[in-house]
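Shown next, in structure tokens, is the structure this report addresses.
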Amino acid sequence: MSPVSRGFHRRRQDPAENAGRVPPGQYVTRDFPVLSAGPTQHTALDRWTFSIGRDGQQKTWSWAEFRTLPVQDVTADIHCVTKWSKLDTVWQGVSVDTLLDLARYDGPFAMAHCDGGYTTNLPMADLTGGKAWVAYSFDGQPLAPEHGGPARLLVPHLYFWKSAKWVRSLELRDTNDPGFWENYGYHMYGDPWREQRYAGD
């Protein structure tokens, strides 16, 4: 299934302008391109929940409960596998560390499950230690559906397909099983600094 993209205009830039911030093979855009594996999902807030679980048991929050959790402001550069980077993006959300502390589940790997059937796999080490959030605000506004709202996973140190849109749960596992794009040949980890776009990179 091909991603869709709109609202994207490449910008000419001085290669030294963002030295040390832009991974190899990437270029900077001021736009926020829209790329999805399928149709944009729309979930009413009164039906939205987020869960963390393992072995059939889980801790679940409603939208109202989720919004009472401690919020963090996050400014991060993001890097898409399709080679655009957007710098100094501003988000608000709940740290995955906070959610895991409340859920009291553990495991070496996680599978993110999303509305629309999308999944992606992540090592727990990349979701903890202040590296990941469930974000519901972008640039001071509620996160728009086309960018993953009402909430998406935010893991900015990995390629952006790992920051799963419309995220609804993290399933903790003992095994690192491939998710949606990983089953189609994308890299199991996705480090932009090592250009891990596809299996074998």
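Quick note: the coordinates plus some simple rules give every number you see, no bench work behind them. Values in this document were obtained by computation on a predicted structure and should not be read as measured data. Note that each Cβ is placed from the backbone with ideal geometry, even for glycine, and that neighbours are counted across all protein chains shown.
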### Task
Distance from a point 7 Å along Cα→Cβ of residue 177 to each backbone N in segment 42-59: keep the residues under 15 Å and list them by number.
53-57
### Message
If R₀ is 25 angstrom, what is the calculated FRET efficiency for the pair residue 104 and residue 46, using the beta carbon separation as r and rounding to 0.05?
### Response
0.40
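Once the other residues with Cβ under 11 Å from the Cβ of residue 197 are scored (Lys, Arg +1; Asp, Glu -1), what is the net sum? Provide the component values of the computation, followed by the final result.
On the way: positive: 83, 194; negative: 191, 195, 201.
With Lys, Arg at +1 and Asp, Glu at -1, the neighbours total -1.
Sum -39500 (n - 2.57) across every DSSP H segment of at least 4 residues in the chain, then divide by the residue count to get the 222 nm mean residue ellipticity, nearest 500. Present the calculation step by step, with values, prior to reporting the outcome.
Values: 3 runs with 16 residues, N = 201.
Only helices count here, giving -1500 deg cm²/dmol.
Please compute the alpha carbon radius of gyration of the chain, then divide it by the globular-protein estimate 2.2 N^0.38 Å. Two decimals is fine. Walk me through the numbers before you get to the answer.
Working: Rg = 16.2 Å, N = 201, 2.2 N^0.38 = 16.5 Å.
Compared with the compact-globule rule of thumb, the chain sits at 0.98.
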### Message
Could you tell me the relative contact order of the chain? Use alpha-carbon pairs under 8 Å, at least six residues apart, and round to a whole percent.
### Response
21
### Message
To make sure I understand the rule: partners must be aspartates and glutamates, Cα under 20 Å from the Cα of residue 83, and not fewer than 8 residues away in the same chain. Which ones qualify?
### Response
14, 17, 31, 146, 182, 191, 195, 201
#### Entry: segment 131-158-segment 14-63 distance, computed between alpha-carbon centres (Å)
5
### Query
Summing Lys, Arg as +1 and Asp, Glu as -1, what charge do residues with Cβ under 14 Å from the Cβ of residue 130 carry, residue 130 excluded?
-3
#### Entry: Anchor residue 59: aspartates and glutamates whose Cα lies under 15 Å away (excluding residues fewer than 8 positions away in-chain)
97, 101, 106, 171
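Once you have the Cα-Cα distance between residue 75 and residue 18, take 0.36 nm times their residue separation minus that, and quote the gain in nm to one decimal.
Net length gain for the segment: 18.9 nm.
Relative to the present Cα-Cα distance, how much length would full extension add between residue 87 and residue 65 at 0.36 nm per residue of separation?
Numbers: separation 22, 0.36 × 22 = 7.92 nm, distance 3.11 nm.
Once the chain is fully extended between residue 87 and residue 65, it gains 4.8 nm.
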